[in-house]
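Worksheet: the structure to be examined is printed underneath.
Just so you know, all these numbers are worked out from the coordinates, no wet-lab data involved. Predicted model, so just to flag it, every value in this text is computed and none were measured. Cβ placement follows ideal geometry from the backbone for every residue including glycine, while neighbour counts extend to all protein chains displayed.
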Amino acid sequence: MDQLLDLLDPPWTFVPLAELFGAYLFFIVLFAKLYHDEYRVNPNAYVFVSTIANTQARVLQANAAALLSKRIHESQLLTAVESELARKPQVDLELIKAPLLKRFFIERWRVTLDAATIEVEDRAIPGPPDLLSRNITLIAPDGARYTSLAYLGPPPEPFELRSLVSTWSESARDGASRLTAELESLSSPTPRIWEFSDFLYFSVITQTTVGYGDILPNSSRVRLLVVGQILIAYVLLVVALNVVLSLPH
């Protein structure tokens, strides 16, 4: 109990322990990044328990399929809006009145087309520096809503609706292409189904030497990283013990 009270008296002897703990967390994140980078280069560098891997693949496949269906519908709607805007030489935007207290912070415009209703909202973000967030929302005839952040930065020049829709449409097509590639990769022998958070977990159980066995290193490079991380963890532990034992009694 006396040692605990000594920690609270200046000079604060718990500061070195806090620094050691910060270093401990730093190495966990650092090695997680190294493990994840190695996985991105070589998915065969790790072996995962088959039941966990199969469950992860099924969940990702269901999520990606649902998101791809949404992206395809969004892309088709944007294509229809682009075509309609191309046929109309002029589009009149209706300014939607914001509540009095928000009028200086929000401006919103709306235009109703045959394909969809478009709303553009500018929201001021007080600075310094002053910023502006511009969102564009697409409302389909069936009520489905799609929103995209079109701009975030210093207040720009007045927007051009066709340019906003065109940029969003290109982004939606790219997103659909990435999801299609992701779904196709799930059927390969080495599907890319693991993310940084999974290797952060692997780094934690490695550095704490828990080792559940659900993720195993499968290459010499990863094994060397594991050895290095464990040695660093033991060095930090020895230093921490020395700090504690050197506290005044």
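Quote the charge dipole size of the chain about the Cα centre in Debye, to the nearest 20; the model charges only the Cβ of Lys and Arg (+1) and of Asp and Glu (-1).
On the way: 21 positive and 27 negative charges, 100 e Å.
Computed about the Cα centre, the dipole is about 480 debye.
Can you tell which of L25, S148, S50 lies farthest toward the positive end of the dipole of the chain, using +1 and -1 charges on the Cβ of basic and acidic side chains (Lys, Arg; Asp, Glu)?
In the chain, that residue is S50.
For each of R71, R223, count neighbouring Cβ atoms within 10 Å of the residue's Cβ, then give the residues from fewest to most.
Numbers: R71 22, R223 13.
Taking fewest neighbouring Cβ atoms as first place, the list is R223, R71.
How large is Rg over Rh for the chain, taking Rg from the Cα atoms and Rh as the Kirkwood inverse mean of 1/r across Cα pairs?
Details: Rg = 27.1 Å, Rh = 23.4 Å.
Result for the chain is an Rg/Rh of 1.16.
To the nearest 10 degrees, how steep is helix 161-185 against the longest Cα principal axis of the chain, on a 0 to 90 scale?
For helix 161-185, the angle is close to 50 degrees.
Calculate one ³J(HN,Hα) per residue across segment 66-76 by plugging θ = phi - 60° into the Karplus curve 6.51 cos²θ - 1.76 cosθ + 1.60, and present them in order as whole Hz with x for glycine and proline.
Once rounded to whole Hz, the list reads 5, 5, 5, 4, 5, 5, 5, 4, 4, 5, 5.
Which of Q56, Q90, Q76 moves most in a GNM of the chain, Cα contacts under 10 Å?
Q90
Which FRET efficiency value, to the nearest 0.05, is calculated for N44 and L95 with the Förster distance at 51 angstrom and r the Cβ-Cβ distance? Can you show the working numbers first?
On the way: r = 58 Å, r/R0 = 1.13.
The value I calculate is 0.30.
How far apart, in nm, are two points set 7 Å out from the Cα along the Cα-to-Cβ line at N63 and at L132?
3.6
Would you mind checking which residues have amide H under 5 Å from L132's amide H? H placed 1.01 Å from N; only 5 or more apart, or other chain.
I125, G153
Below 8 Å, C-alpha to C-alpha, sequence gap of six or more: please give me the relative contact order for the chain in percent. Mind dumping the intermediate values first?
Values: 267 pairs, mean separation 68.6, N = 249.
Relative contact order of the chain: 28 percent.
Please report the equivalent ellipsoid semi-axes of segment 62-185, computed as sqrt(5 x eigenvalue) of the Cα gyration tensor, largest first, in whole Å. Could the numbers behind the result be given before it?
Numbers: eigenvalues 152, 70, 36 Å².
Gyration-tensor ellipsoid for segment 62-185: 28, 19, 13 Å.
What residue among V226, V204, V239 has the largest mean-square fluctuation in a Gaussian network model of the chain, using Cα springs under 10 Å?
In the Gaussian network model the winner is V239.
Using a Gaussian network model of the chain with C-alpha springs under 10 Å, which one of D114, D122, D37 is most mobile by mean-square fluctuation?
Highest fluctuation among the options: D114.
Would you mind classifying segment 149-222 by shape? Square roots of the alpha carbon gyration tensor eigenvalues, ordered a ≥ b ≥ c; an a/c under 1.5 is rounded, otherwise it is prolate if a/b is larger than b/c and oblate if not. Let's see the in-between values first.
Details: a/c = 5.16, a/b = 2.13, b/c = 2.42.
Oblate, since a/c reaches 1.5 and b/c is not below a/b.
Compute the acute angle (0 to 90°) between the alpha-carbon long axis of helix 220-245 and the principal axis of greatest extent of the alpha-carbon atoms of the chain; round to the nearest 10°.
That helix lies at roughly 60 degrees to the long axis.
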